[in-house]
Structures are given as C-alpha cells and as structure tokens.
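What follows is calculated from the coordinates using simple rules that are stated; it is not laboratory data. All values reported here derive from a predicted model rather than from experimental measurement. Every residue, glycine as well, gets a Cβ built from its backbone with ideal geometry; the counts of neighbours run over all protein chains shown.
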C-alpha cells in the first residue's frame, strides 16, 4: 500500500516535530500497529480454493520464536486463537527486542519463500505488497519513528542514516555475493553483537569479516597466502599483488597504514587479548568507529578486486 504523506505529517515536519536522533529501547504502539499492517499485507490472505499457505507461513514464524524462547505458546490463554493471531498480537505486547526478533524471523521466512516457492505462494494467496516492498516500508517506518534499526537481511542497528546508506548497506550488498558468504555472516554477526551491546564480540567478528574478505580475494586471484595469515600479512599480500595499482600506490600509502593500524589494532588492544586485573571496557563510540571502518575497507577492497 505504501506510505502516504498525510497533512498532519507535513505539519509536524513544518513545526520541526520529527525525531532528530535515533532511539533503540522503545517501540511505540503506533509503530507496532504499522508493523502488523506491513506483515499482514506481505503475508497476505488465502484464496478460497487453495491450501492454508498463509497459515503455514505464520506457523513457521511461530514455531521458530517459541522454540528459541523455550515456550509452548507466545500468548497465554490463547484458546481458539490461530498462530497468525498470536504472532501479530505478540508484536503489540512484547518488549522491544522481542518485537525485533519477530520482525526479523518473519521477513527472513517470507524472503525464503520468495526465493524458493513464491509462484506457488502467489497462486494460493492474495498479497498487497511483495517482500521487497514490505521491507522498504518497514525501514522507512523505523526511520520515520526515529527507531535506529533496519532490516538488511537481518535486523541491524544504525546510528547515522548517512553512514548506513553509504557504508553499511553497500557492504552488505557486496557481501551477499555467494563468494563472500563467510565474510557476510561475520559482518552481520558483528552488527548483531553491536545491537546487543556486546562490543568486544563485535570487534572480534569485524576483524574476522575483514580478514575473510581478504582471504577470499587472495583465493579468487590465486595469490599465495596461508589460512593462518593475520590481517597484517593479508594486507601486505594484497599490496604486493597490486590490488591497488602501482601507479597509484604512493597516494594509497596512508590507506595502507590505516588498514594495518585500524581494525586489527583496535581489536587487539581492546577486544582480543587478556585484559588483566581490571576489565577493559570497549565503549560504543570506539565500537561504532571500528564497525564503520571495517565496512568502508571491505567496500574498497572488493571494488578494487573486481571479482563481483
């Protein structure tokens, strides 16, 4: 159905009554209802003559959430209620992280359906929007309500719309290439750790994604390297093999230094080794910097490699 720029919304914008910073710990009832509408429109309704394929889709979401939460049902006293009803009403009642869990599982499930059997799904149902349209509206609703999350294959936390658009999303798009499957899993896992405040774990996965990207490039280009090579050795291999062309190498000296002293050093000093008697704290600002630096470097290396 899409988003309408209502009169009241335009007036709020004129009065400056729009969120200027993202929030992460609270999802309004208004946004919860909007999310229910989006999922309901995307999953659609069964046609009269077909199988209960919509029910099967909701059951898949329901079963995953119940199993992961260690529950037999999402909502107590649900006698006579369908699993579809439980999933949608759970979004209205659950805490913020639980809402995001359901949203993530729901859109992962429907994207799986789209990739494998969407023609059958459409034959048996009536939908108001396809998965990509639903994801687009979901992310716009998050932004509109000042919620610092987006669905990019998984729910990830965003701190700046510019950085998300220019670094995070392009990195994920590049890593979705099947050649970079391992690096993609590590990069998304880093974002998951960041969303949950597990900053040391975030740095560890960011470094893994960075190293995996370089190993994949080296393998695809038939460059000699060891599986045990660390980031510094892999960076050296990339430069020795002129991943950055020779005639531009001088101007990229600072980039090489940044790659060598950026992510690996941050991770090694703050997240990767024994912390001694006093536990080390990795603050959100440093973690965010490391995660964004990882994304920018991955984009640069993949684009220079020309293998996607």
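So here's what we get for this one:
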{"read-out": "191, 164 arranged by Cβ crowding within 10 Å, fewest neighbours leading", "value": "164, 191"}
{"read-out": "Order of 26, 212 - criterion: other Cβ atoms within 10 Å of each residue's Cβ, fewest first", "value": "26, 212"}
{"read-out": "Pairwise centroid distance, computed over Cα atoms, of the stretch 78-112 with the stretch 206-232, Å", "value": "39 Å"}
{"read-out": "Efficiency of FRET between residue 33 and residue 115 - r from beta-carbon atoms, R0 22 angstrom, step 0.05", "value": "0.15"}
{"read-out": "Cα pair distances in the stretch 7-151, grouped into 10 Å bins until the bin that holds the longest one, percent each", "value": "11, 39, 33, 14, 4, 0"}
{"read-out": "For 176, 223, order by how many other beta-carbon atoms lie within 10 Å, fewest first", "value": "176, 223"}
{"read-out": "Gain on full stretching of the segment that runs from residue 140 to residue 128 - 0.36 nm per residue minus C-alpha separation", "value": "2.6 nm"}
{"read-out": "Cβ-Cβ FRET estimate between residue 79 and residue 232, R0 fixed at 41 Å, reported to 0.05", "value": "0.10"}
